[in-house]
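In what follows, a structure is listed as structure tokens, so that the remarks can point back to it.
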Amino acid sequence: MLVEKEFRWCGSPFTLHNKQLIQMASPSLEILVRQPDQCSLWTGPPFTNGQPAVKLENVTCVNAKFSDDGSKLMLIKSNSVISVYQCDTAKEIRSFDVPNLVAATLSPSATFLQTFQKPSSPQEKNVTLWKIETGDPVYQHSQKNMTKNNWPAIQFSSDEATACRLATNEVQFFDATNFSKGVVYRLKVPGVAAAELSSTPGSHVAAFVPESKGVPASVQIYACGNASQSQPVARRSFFRCSTTQLKWNHGSTGLLVVVQSDVDKTNQSYYGESKLCYLTTDGAHEGLVSLRKEGPIHDAQWSYSGLEFAVVYGFMPAKATLFDKKCNPLLELGTGPYNTIRWNPKGKFLCLAGFGNLPGDMVFWDYADKKQLGSTKAEWSVTSEWSPDGCYFMTATTAPRLQVDNGIKIFHYNGLLYFKKMFDKLYQADWKPESPTKFGDISELIGSLNLVQLEDKKPSGQGPKSSQASVKPFSASANPPTQKPDAYRPPHAKNAAAVQAELLGGSPAESMSKNALRNKKKREKQKEKRAASDASAS
């Protein structure tokens with residue numbers, strides 16, 4: 001529908017159409033692009049003249065990361081210097097000198113910077129929490145090593161109202177407004193190996209306790225607060241568990257647990273065994289998700305609403321299913337070479353893809369209307385994500401995972417290729433985070449797009465053989481009748497008899513082995529006997 005609105009400028013009226021109104025009301029999209037030793041910040045899409053504008057160009061850095069709200073950008077410029085930039089102005093606002101730096105990250109709202117330094121002594125407090133506004137450290141503690149389970153060392157909820165860290169046999173909680181108080185209360189969980197704080201809101205924490213001395217592994221959910229921490233509000237135990245992935249939904253009412261064991265006792269998979277559990281904070285569901293195909297769990301992701309989740313599972317070709325928050329199947333997305341799910345942040349579309357060691361097939365669905373929008377391919381993709389406004393889908397082939405064919409592809413919501421750029425070496429390509437609520441309705445946003453298919457040109461000689469070969473008209477007389485294929489012979493034995501005869505003289509038959517000659521004579525005698533018996537019978 002065409003919408004017009006009249007404005008006045010210096011007394012003169014002018015009219016804007018709906019496409020212009022939507023672009024004015026929505027914040028601009030931005031993309032972080034990191035190449036060797038430098039990074040840039042692009043604006044768009046949509047791009048003017050098909051090329052992005054550069055907001056921040058060729059800044060020296062070895063690593064980069066946005067805060068979850070997109071307000072700040074952290075650049076690690078060396079092994080000791082960290083710079084923090086304000087994203088709306090692209091200006092540096094604070095610099096930190098941290099010797100022997102190993103890792104750094106921003107809190108969700110960019111209030112704090114968290115750093116991990118290589119310790120020089122066991123007692124050194126090598127994890128530091130800095131307040132970005134003042135540049136002062138507000139909390140420190142010592143940590144021997146850094147793993148996936150204990151970094152970031154201090155976890156925050158999305159509004160930074162709750163903060164906690166994993167310690168030995170306990171989860172420690174802080175007053176996020178005043179870290180000088182230290183640990184304000186402790187949640188005792190004997191043997192805890194991993195903990196995940198719910199983010200929106202930070203009302204619960206999930207703790208994983210691995211198997212020990214015949215006691216099964218377990219995942220337990222606790223409420224964050226002094227009064228109700230003695231007993232878990234939900235719990236699930238399971239044997240044959242090596243690691244887990246804990247995935248909270250938006251709203252902090254449900255938890256998906258991907259349970260992985262290193263060994264599959266049924267010997268069906270070299271990569272071990274996996275299963276999917278679902279727990280709710282009200283205790284209504286504590287069990288396995290019923291899946292309709294045997295095999296591993298490739299991916300399980302919550303939608304942005306937190307009301308449904310999608311799972312890709314089973315031996316290839318994998319199966320994909322949507323479930324509601326009561327574990328009832330809503331929609332079957334079919335089977336294919338898939339291992340990745342990406343939900344659209346505006347809550348209407350999703351992308352089902354097969355990356356990694358799969359050929360890169362992508363299928364785009366409108367799951368609200370239960371229909372497929374389109375399909376395409378993005379070979380060798382390492383990362384993939386929807387834009388914050390839900391209109392574009394970006395894939396990137398990056399180093400060090402792949403050292404060749406590095407580049408960025410941006411697709412429309414229905415799979416049409418919009419933009420492509422190749423790099424000699426690309427290390428990172430990320431959308432700047434923005435709240436989906438800052439953008440208009442998804443139907444209006446996609447209606448304002450100019451859907452033009454960009455031709456995905458491949459370098460000469462790299463296309464499929466079928467496209468390079470000339471096509472000949474079909475002719476029945478030109479095709480000889482099919483013959484039974486000959487028995488396989490190794491390449492070195494195909495012409496051995498003829499070559500030997502040519503070198504040593506004689507015919508190939510003369511060079512037959514003694515056993516072959518003996519068998520040949522037997523066959524000839526059997527033929528003679530058969531012919532004689534047939535003659536006597538007649």
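The values are calculated or read from the model by the stated rules, or taken from the named source; none is laboratory data. As the structure is a prediction and not an experimental result, all values here were calculated from the model. Here the Cβ is made from the backbone with ideal geometry for all residues, glycine too, and neighbour counts use every protein chain on show. Keep in mind that these areas ignore ligands, DNA and RNA; they rest on the heavy atoms of the full protein, side chains included. Shrake-Rupley method; radii C 1.70, N 1.55, O 1.52, S 1.80 Å.
For segment 68-80, 3J(HN,Hα) computed residue by residue from phi via the Karplus equation (6.51, -1.76, 1.60; θ = phi - 60°) reads 5, 8, x, 7, 10, 10, 9, 10, 8, 8, 7, 7, 9 Hz, glycine and proline entered as x. Net charge of the neighbourhood of A223, taken over other residues with C-beta under 14 Å away and scored Lys/Arg +1, Asp/Glu -1, is 0.
In segment 270-376, a dipole from Cβ-located charges (positive for Lys and Arg, negative for Asp and Glu) runs towards its positive end, and of V363, Y338, Y304 it is V363 whose Cα lies farthest in that direction.
Potential lengthening of the chain between Q123 and K371 amounts to 83.4 nm, from the contour at 0.36 nm per residue minus the alpha-carbon distance.
Extension gain F47-E286, at 0.36 nm per residue separation less the Cα-Cα distance, in nm?
Contour length minus Cα-Cα distance gives 81.2 nm.
Report, in listed order, any pair from K348/K421; K247/K293; K188/K325; K144/K425; K181/K213 with a Cα-Cα distance greater than 26 Å. Flagged as over cut-off: K348/K421; K188/K325; K144/K425; K181/K213. In order along segment 145-150, the phi-based Karplus estimate (6.51 cos²θ - 1.76 cosθ + 1.60, θ = phi - 60°) of 3J(HN,Hα) comes to 9, 10, 10, 5, 7, 10 Hz; Gly and Pro are listed as x. E385 contributes about 70 Å² of solvent-accessible surface, heavy atoms of the protein only, 1.4 Å probe. Remark on A194: its backbone amide H falls under 5 Å from those of F208, a criterion applied only to residues 5 or more positions apart or on other chains, H modelled at 1.01 Å from N. Cα centroid separation, segment 305-320 to segment 522-537: 67 Å. In this structure, the amide hydrogen of V81, modeled 1.01 Å from its nitrogen in the peptide plane, lies closer than 5 angstrom to those of V98, counting only residues at least 5 positions away or on a different chain. Extension gain, Y185 to E92: 0.36 nm times the residue separation minus the Cα-Cα distance gives 29.8 nm. Shown for segment 77-198: the carbon plus sulfur share of the solvent-accessible area, taken with all protein chains present and a 1.4 angstrom probe, equals 46%.
In order along segment 383-393, the Karplus-derived 3J(HN,Hα) couplings, from 6.51 cos²θ - 1.76 cosθ + 1.60 at θ = phi - 60°, round to 10, 7, 6, 6, 6, x, 7, x, 9, 10, 10 Hz, and Gly and Pro are given as x. The portion of the accessible surface of segment 384-448 made up by carbon and sulfur, rounded to a whole percent, is 50 (1.4 Å probe; DNA, RNA and ligands excluded).
Each part reduced to its alpha carbon centroid, segment 333-348 and segment 108-123 end up 36 Å apart. Distant-in-sequence amide contacts of A234, defined by a placed amide H-H separation under 5 Å and a gap of 5 or more residues or a different chain, comprise I221.
Give, as a single signed number, the net charge of other residues whose beta carbon lies under 9 Å from the beta carbon of A353, with Lys and Arg counted +1 and Asp and Glu -1. That sum, taken over residues with Cβ under 9 Å, equals 0. When nucleic acids and ligands are ignored and a 1.4 Å probe is applied, T48 ends up with an accessible area of around 110 Å². Summing Lys and Arg as +1 and Asp and Glu as -1 over all other residues whose Cβ lies under 12 Å from the Cβ of G254 gives a net charge of -1.
Approximating the spin labels as points 7 Å out from Cα along Cα→Cβ, the N145-to-A516 distance works out to 6.1 nm.
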